[in-house]
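Peer 1: Take a look at the following structure, please.
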Amino acid sequence: MKTVIKDLKIGVLMGGVSAEREISLKTGNAVANSLVSMGYNVKKFDLDKNFFEDAKNIDICFNALHGTLGEDGKIQGVLELLNIPYTGSGVEASAIAMDKIKSKIIFKYYGLAVPDFFSVKKGEKAELLNKKINNLRLPYFIKPNAQGSSVGASIAYSKSELYLALEDAFKYDDEVIAEEYIVGREIQFAVFSGKPLGCVEIKPNDSFYSYSAKYTKGKTEYILNPDLTEEEYKACENASVLAHTSLDCKGITRTDIILSDSGKAYVLEINTLPGLTEFSLVPMIAQKKGIDFNSLIENIIEDAISCE
Ligand SMILES: Nc1ncnc2c1ncn2[C@@H]1O[C@H](COP(=O)(O)OP(=O)(O)OP(=O)(O)O)[C@@H](O)[C@H]1O
Ligand SMILES: [Mg+2]
């Protein structure tokens, strides 16, 4: 155990009310078990209104809250207010990363390749929507602006499918993003504290990395040593590091990329709170680099303290 942090009271914050509650509990418990096994002083919290009181007794918060409230800058704001250091990205980076449209605007500004896209707001006038749709080169990929796990996401090959896809995505968000469909290989690249950690290739047994491909055992093949040329690897590495730094992210991020057949790394999104169970992708990527789960968790805490 690192002497600097051995006396800290670490609060592991998990659960909450988001759609990702279950996976957050898994991440939180995996993190807490790891810390306990290393002899740390750990307290687990399932986020509720008592957190304001409970938090007074901790020195640092390990944020394991995926999704709404935990990954979108809100809990980070509360922790700032309480003056408690926390793991991962800050208020602004978390909020922007959660917003696919706003983060893409920033990525474009920094010269990253992103699919052409437009946004549609719920209740938008048919006239305006038709104008956006009229001259599109389909297929397009439709998804809610600020959701995860591919909920409400689909490919539209025709105009009628596009209208249906929008309708479906609006069930999950009041704003929807429609993106040019990029053909290529799917690479997820992890970055830790601004430095590349490594990647995994995703081969879903579905038309895309859908909800069922993500959560049905055996439905997706994960390749930890993808067969990439040096240029292809560099393109993904540079894109993910720039995605991380352009938003001023901290700690661990995972950037989702489609590597097109021409070798261009298109950034789909950046995740500021990737899953951290022992079977999640980022720990697998770290393991490949020789960083075991306990060391990864310890490194994340050290990074949070050094960012203070
Ligand atoms: N423009 C696109 N072209 C091709 N495939 C896409 C595109 N956008 C999304 N996809 C597919 O849909 C999946 C989900 O998209 P994305 O990662 O943007 O959403 P998410 O639901 O926020 O995911 P996560 O669970 O990683 O938070 C991608 O992993 C990819 O397979
Ligand atoms: Mg994704």
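Peer 1: Where the only charges are on Cβ atoms (+1 Lys, Arg; -1 Asp, Glu), what is the dipole of the chain about its Cα centre, to the nearest 20 debye?
Peer 2: In total the dipole reaches around 200 debye.
Peer 1: What helices does the chain hold that run 18 Å or longer along their axis, going by alpha-carbon atoms, with a Kyte-Doolittle average of 0.5 or more, using DSSP H for the helix calls?
Peer 2: 293-306
Peer 1: If every alpha-carbon in the chain counts as one equal scatterer, what log10 I(q)/I(0) does Debye give at q = 0.09, 0.13 1/Å?
Peer 2: -0.45, -0.93
Peer 1: Separate question: Starting from the eigenvalues of the Cα gyration tensor, five times each then square-rooted, give me the equivalent ellipsoid semi-axes of the stretch 117-180, largest first, whole Å.
Peer 2: Ellipsoid half-lengths, sorted descending, are 17, 13, 9 Å.
Peer 1: Right, something else. If contacts are Cα pairs under 8 angstrom and at least 6 residues apart, what is the relative contact order of the stretch 91-181 in percent?
Peer 2: 34
Peer 1: Between ASP46 and LYS102, what is the label-point separation in nm under the 7 Å Cα-to-beta-carbon projection?
Peer 2: 3.1
Peer 1: According to a simple spin-label model (label point 7 Å from Cα along Cα-to-Cβ), what is the distance in nm between ASP7 and GLU167?
Peer 2: Modelled inter-label distance: 6.4 nm.
Peer 1: When 1/r is averaged over all different Cα pairs and the result inverted, which Kirkwood radius in Å belongs to the stretch 3-87?
Peer 2: For the stretch 3-87, the Kirkwood estimate is 12.7 Å.
Peer 1: Could I ask something else about it? Given the C-alpha atoms of the stretch 141-251, compute the convex hull and give its volume per residue in Å³.
Peer 2: Each residue corresponds to 128 Å³ of Cα convex hull volume.
Peer 1: Sticking with this structure for a sec: When only C-alpha pairs under 8 Å and at least 6 residues apart count, what is the relative contact order of the stretch 3-87, in percent?
Peer 2: For the stretch 3-87, the relative contact order is 38 percent.
Peer 1: Per DSSP H run of n ≥ 4, the term is -39500 (n - 2.57); total these for the chain, divide by its residue number, and report the mean residue ellipticity at 222 nm rounded to 500 deg cm²/dmol.
Peer 2: -10500 deg cm²/dmol
Values in this text are rule-based calculations from the coordinates and carry no lab data. Keep in mind that this is a model prediction, so the values were computed, not measured. In this analysis, Cβ positions are derived from the backbone assuming ideal geometry, glycine residues included, and neighbour counts consider all displayed protein chains.
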